[in-house]
Amino acid sequence: MSHFVYANGKMHAEEVPLERIAAEFGTPVYVYSSASLTENFLSYANACRANGRGEQGALVCYSVKSNSNLAVLSLLGKLGSGFDIVSGGELERVIAAGGNPHKVIFSGVGKTRDEMRLALAYDILCFNVESIPELHRLNDVAGSVGKRARVSLRVNPDVDPKTHPYISTGLKENKFGIAFEDALDTYRVATSLPHLDVTGIDCHIGSQLLDDAPLLEALDKVIELADRLHVAGIDLHHLDIGGGIGITYDDEKPVAVGDYLSRLFARIDGWRKEKHGGTPITVMFEPGRSIVGNAGVLVTEVQYLKHGASKNFAVVDAAMNDLMRPAMYEAWHGVLPVTQREASARVYDVVGPVCESGDWLARERALAVEPGDLLAIMSAGAYGMTMASNYNTRGRAAEVLVNGEQFRLIRRRETPSELFSLENV
């Protein structure tokens with residue numbers, strides 16, 4: 001359910017009016033709902049339990065890149081979440097938020113030696129390795145610090161996720177993963193290296209998937225490969241099927257998490273019973289957008305209304321540096337007035353003050369607004385703040401977390417002096 005709803009004509013985050021948050025902390029401001037975050041995470045955790053998986057049989061590893069605020073990570077960690085990271089900085093965030101490093105998996109194609117040493121020092125659960133050169137580097141680094149690194153190979157199954165090309169990651173032309181036809185030989189290399197322990201297999205084909213058919217197709221190919229590895233004497237302890245389940249931005253109808261996981265576990269259980277005598281295997285997930293995407297909105301204030309011959313513009317104080325997705329992906333976000341007006345609507349492009357024609361947040365939206373009104377950019381919890389920049393020397397937005405009737409600032413707005421504090425004349 002949505003936890004951003006109108007009451008008496010004013011949009012609330014749970015029990016708190018958004019205009020109250022804007023009055024206290026200014027705009028633009030990201031607002032997150034604790035109830036939404038909890039509900040969305042538990043949709044995975046409860047589905048795992050409903051399919052007979054306890055803590056040892058399944059692990060939900062939240063994708064930190066989707067929203068890495070410490071308060072968000074802390075909340076999810078307390079719910080039992082693991083974490084999927086793609087940088088040493090994200091690992092440091094998880095630790096600072098009180099996350100368990102033994103529930104961390106490290107993905108990404110370009111891990112540095114320093115990042116590997118950091119992850120080994122924290123004894124993370126697993127490295128998702130994406131190339132033979134990375135295997136050799138990780139083996140050398142682990143040997144140099146007297147440790148063994150647990151590894152899983154990210155296999156590219158060449159399955160079309162039917163999503164935006166920028167967020168498709170499982171095709172042959174994508175930079176991610178090891179080609180399916182090369183995977184067996186790569187596993188043989190991994191098992192031959194003295195400072196690595198091969199523990200699993202990983203697959204992630206993309207994000208914002210509305211249908212689970214591509215995910216289940218990828219699972220079938222991973223299962224096929226796992227059987228070939230078993231014949232070759234390489235047995236796996238876990239299977240990581242990635243993330244990718246989409247959310248509703250407009251009128252999309254994504255597959256329900258519980259339905260997808262029921263079908264997935266049924267296939268895995270049938271496979272283990274038929275081919276491996278019922279021996280269990282731990283299943284891991286890497287959801288991000290489906291946990292945090294609809295748990296956040298970006299609140300912005302209308303500065304000016306420009307009425308032209310062919311276009312009307314609502315100029316707001318949020319911009320492409322605050323929410324990059326529309327400019328980068330031509331992504332659609334709902335735009336709703338924080339206070340409903342009984343007035344005739346006009347069609348506007350919602351644009352920001354950044355000096356780029358690409359600085360737009362929404363196009364051709366019917367809005368009844370006046371300068372000074374607040375707008376809520378919906379479904380902004382994922383890849384909003386984490387992709388934000390300081391272009392035009394703009395401080396990144398404040399962030400606020402709501403819990404029922406309570407709300408608190410979880411990141412203050414940056415000041416100009418902070419933006420150039422690392423520079424020298």
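The values are calculated or read from the model by the stated rules, or taken from the named source; none is laboratory data. These figures come from a predicted structure and were not determined experimentally. Using ideal geometry, Cβ is built from the backbone for each residue, glycine included, and neighbour counts are taken over all protein chains shown.
Worth pointing out:
- You will find that of Gly206, Gly243, Gly278, the residue that is surrounded by 21 or more Cβ atoms within 10 Å (Cβ to Cβ), on the phi > 0 side of the Ramachandran plot and modelled with pLDDT under 95 is Gly206 and no other.
- Taken as a whole, the structure places Glu24 among residues that are acidic (Asp, Glu) and out of contact with any Gly (no Cβ under 8 Å at 6 or more places or on another chain).
- Enumerated strands (runs of 3 or more DSSP E) restricted to region 10-94, each holding at least 1 residues that are surrounded by fewer than 20 Cβ atoms within 10 Å (Cβ to Cβ): 10-13
- Evaluation of Phe285 against the conditions (1) touching a Leu at 6+ places or on another chain (Cβ under 8 Å); (2) surrounded by 21 or more Cβ atoms within 10 Å (Cβ to Cβ); (3) without any contact (Cβ under 8 Å) to a residue 60 or more places away in the chain shows that the sole unmet condition is (3).
- When residues of region 314-330 are limited to those that are modelled with pLDDT under 95 and under 17 Å from the mean Cα position of the chain (by Cα), the one nearest to Thr393 (Cα to Cα): Met328
- Screening region 100-115 for residues that are under 21 Å from Ala179 (Cα atoms) and not hydrophobic (A, V, I, L, M, F, W, C) and picking the one that is surrounded by the fewest Cβ atoms within 10 Å (Cβ to Cβ) gives Gly110.
- Screening Asn392, Asn424 for residues that are surrounded by fewer than 18 Cβ atoms within 10 Å (Cβ to Cβ) and touching a Cys at 6+ places or on another chain (Cβ under 7 Å) leaves exactly one candidate, Asn392.
- Tabulated pairs, region 108-120, first farther than 13 Å from Glu134 by Cα and modelled with pLDDT of 95 or more, second in a helix (DSSP H, G or I) and among the charged types (D, E, K, R), C-beta under 9 angstrom, 6+ apart or interchain: Leu118/Glu92
- Residues of region 395-407 satisfying the condition of being surrounded by fewer than 11 Cβ atoms within 10 Å (Cβ to Cβ) and under 25 Å from the mean Cα position of the chain (by Cα): none
- Count of residues meeting criterion [closer than 23 Å to Tyr249 by Cβ and not hydrophobic (A, V, I, L, M, F, W, C)] in region 11-50: 14
- Screening Glu252, Glu217 for residues that are in contact (Cβ under 8 Å) with a residue 40 or more places away in the chain and assigned to a loop (DSSP other than H, G, I, E, B) leaves exactly one candidate, Glu252.
Residues are listed down the side, and each one gets a yes or a no for (1) within 26 Å of the chain's Cα centre (by Cα); (2) surrounded by fewer than 21 Cβ atoms within 10 Å (Cβ to Cβ); (3) assigned to a strand (DSSP E or B):
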{"site": "Arg117", "(1), (2), (3)": "yes, yes, no"}
{"site": "Ile124", "(1), (2), (3)": "yes, no, no"}
{"site": "Asp140", "(1), (2), (3)": "no, yes, no"}
{"site": "Gly143", "(1), (2), (3)": "no, yes, no"}
{"site": "Val155", "(1), (2), (3)": "yes, no, yes"}
